[in-house]
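S.K.: Below is one structure. I have some questions about it.
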Amino acid sequence: MKPLECRRFSADEEPPWELLLLADPSEEMVRGYLTRSELFGCFSGKACIAVAAVVSQGEGVCELKNLAVVPPRQRHGVGRLLLGYVCDCCAENFRVMEVGTGNSSIGNQHFYRSMGFHRFRTDRGFFLRNYPEPIEENGLLCTDLVKFRKVLARSRTVLAD
């Protein structure tokens with residue numbers, strides 16, 4: 001396997017839409033935050049295998065709006081590698097990172113907790129108000145946005161593929 005490289009996207013690089021839409025099925029929502037986002041990727045050679053989008057919320061807080069890994073590479077440490085890199089980069093300018101996920105996204109909630117995030121708020125009915133089509137995961141209707149927060153500290157994370 002090729003070594004993995006995490007890096008920021010340059011302004012002229014095309015965002016990996018198929019990956020972004022894996023994490024957020026609403027192209028309209030993604031387009032809405034992508035213009036304000038800093039985009040990060042994890043690459044195997046020239047292929048982008050994971051993507052993350054981060055938006056400044058002001059006052060030392062940023063929000064991870066999107067994190068997705070290509071399905072064949074999920075559950076192999078790629079998301080952990082990329083999120084570690086993103087947190088390290090964001091620690092240069094922010095004190096806190098927030099992220100939201102669906103109440104039905106049980107695996108995502110576990111992942112964020114394992115990465116040092118703590119649940120701090122729930123926006124009841126968020127997905128019902130903001131998405132035209134119902135979202136179902138793990139046999140559950142996705143209705144609420146569950147918010148997590150992490151205090152950022154700089155530390156380099158290195159994983160070999």
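S.K.: Which residue, of GLU28, GLU14, is under 24 Å from SER105 (Cβ atoms) and acidic (Asp, Glu)?
M.R.: GLU28
S.K.: I need every pair where a residue in the stretch 6-35 that is closer than 16 Å to VAL70 by Cβ and among the small types (Gly, Ala, Ser) has its Cβ under 7 Å from the Cβ of a residue that is surrounded by 15 or more Cβ atoms within 10 Å (Cβ to Cβ) and at pLDDT 95 or above, sequence separation at least 6 or different chains.
M.R.: Between residues of the stretch 6-35 that are closer than 16 Å to VAL70 by Cβ and among the small types (Gly, Ala, Ser) and residues that are surrounded by 15 or more Cβ atoms within 10 Å (Cβ to Cβ) and at pLDDT 95 or above, the close pairs are ALA23/ASN66; ALA23/LEU67; ALA23/ALA68.
S.K.: Select from the stretch 110-157 the residues that are of a type in the set (A, V, I, L, M, F, W, C) and open to solvent by less than 30 Å² (accessible area, probe 1.4 Å) and write down the one among them that is farthest from CYS90 (Cα to Cα).
M.R.: Of the residues in the stretch 110-157, the ones of a type in the set (A, V, I, L, M, F, W, C) are 111, 115, 117, 120, 126-128, 135, 140-142, 145-146, 148, 151-153.
Subset that is open to solvent by less than 30 Å² (accessible area, probe 1.4 Å): 115, 117, 127, 142, 145-146, 148, 152.
Numbers: MET115: 15, PHE117: 15, PHE127: 27, CYS142: 29, LEU145: 23, VAL146: 21, PHE148: 16, LEU152: 8 Å.
That would be CYS142.
S.K.: Turning to a different aspect of this structure: Taking the stretch 89-106 as the search range and keeping residues that are in a strand (DSSP E or B) and of a type in the set (A, V, I, L, M), which one is nearest to the chain's Cα centre (by Cα)?
M.R.: VAL99
S.K.: Please work out which one of (1) touching a helix residue (DSSP H, G or I) at 6+ places or on another chain (Cβ under 9 Å); (2) more than 24 Å from GLY139 (Cα to Cα) is the condition ASN103 fails and give its number.
M.R.: (2)
S.K.: Let me ask something else. So the check is Cβ under 6 Å with 6+ separation or different chains; which pairs have a first residue in the stretch 126-151 that's in contact (Cβ under 8 Å) with a residue 60 or more places away in the chain and a second one that's surrounded by fewer than 17 Cβ atoms within 10 Å (Cβ to Cβ) and not hydrophobic (A, V, I, L, M, F, W, C)?
M.R.: TYR131/SER26; LYS150/GLY116
S.K.: So which residues in the stretch 1-25 are more than 23 Å from VAL61 (Cβ to Cβ) and either buried (at least 19 other Cβ atoms within 10 Å of the Cβ) or of a type in the set (S, T, N, Q) (or both)?
M.R.: Answer for the stretch 1-25, where residues must be more than 23 Å from VAL61 (Cβ to Cβ) and either buried (at least 19 other Cβ atoms within 10 Å of the Cβ) or of a type in the set (S, T, N, Q) (or both): LEU4, SER10, PRO16, LEU19.
S.K.: Looking only at residues that are among the charged types (D, E, K, R) and without any contact (Cβ under 8 Å) to a residue 40 or more places away in the chain in the stretch 53-75, which one is most open to solvent (accessible area, probe 1.4 Å)?
M.R.: Selected residue: ARG75.
S.K.: Let me confirm something: among LEU22, LEU67, LEU81, LEU39, which residue is in contact with a strand residue (DSSP E or B) (Cβ under 8 Å, 6 or more places away or on another chain), closer than 26 Å to ASN130 by Cβ and not in a strand (DSSP E or B)?
M.R.: LEU22
S.K.: Separate question: Those residues that are open to solvent by 10 Å² or more (accessible area, probe 1.4 Å) and in contact with a helix residue (DSSP H, G or I) (Cβ under 9 Å, 6 or more places away or on another chain), I need them from the stretch 76-91; list them, please.
M.R.: Those that are open to solvent by 10 Å² or more (accessible area, probe 1.4 Å) and in contact with a helix residue (DSSP H, G or I) (Cβ under 9 Å, 6 or more places away or on another chain): GLY79, ARG80.
The values are calculated or read from the model by the stated rules, or taken from the named source; none is laboratory data. Just so you know, these numbers come straight off a predicted model, no measurement behind them. Using ideal geometry, Cβ is built from the backbone for each residue, glycine included, and neighbour counts are taken over all protein chains shown. The accessibility values were calculated without ligands, DNA or RNA, using every heavy atom of the protein model including side chains. Shrake-Rupley method; radii C 1.70, N 1.55, O 1.52, S 1.80 Å.
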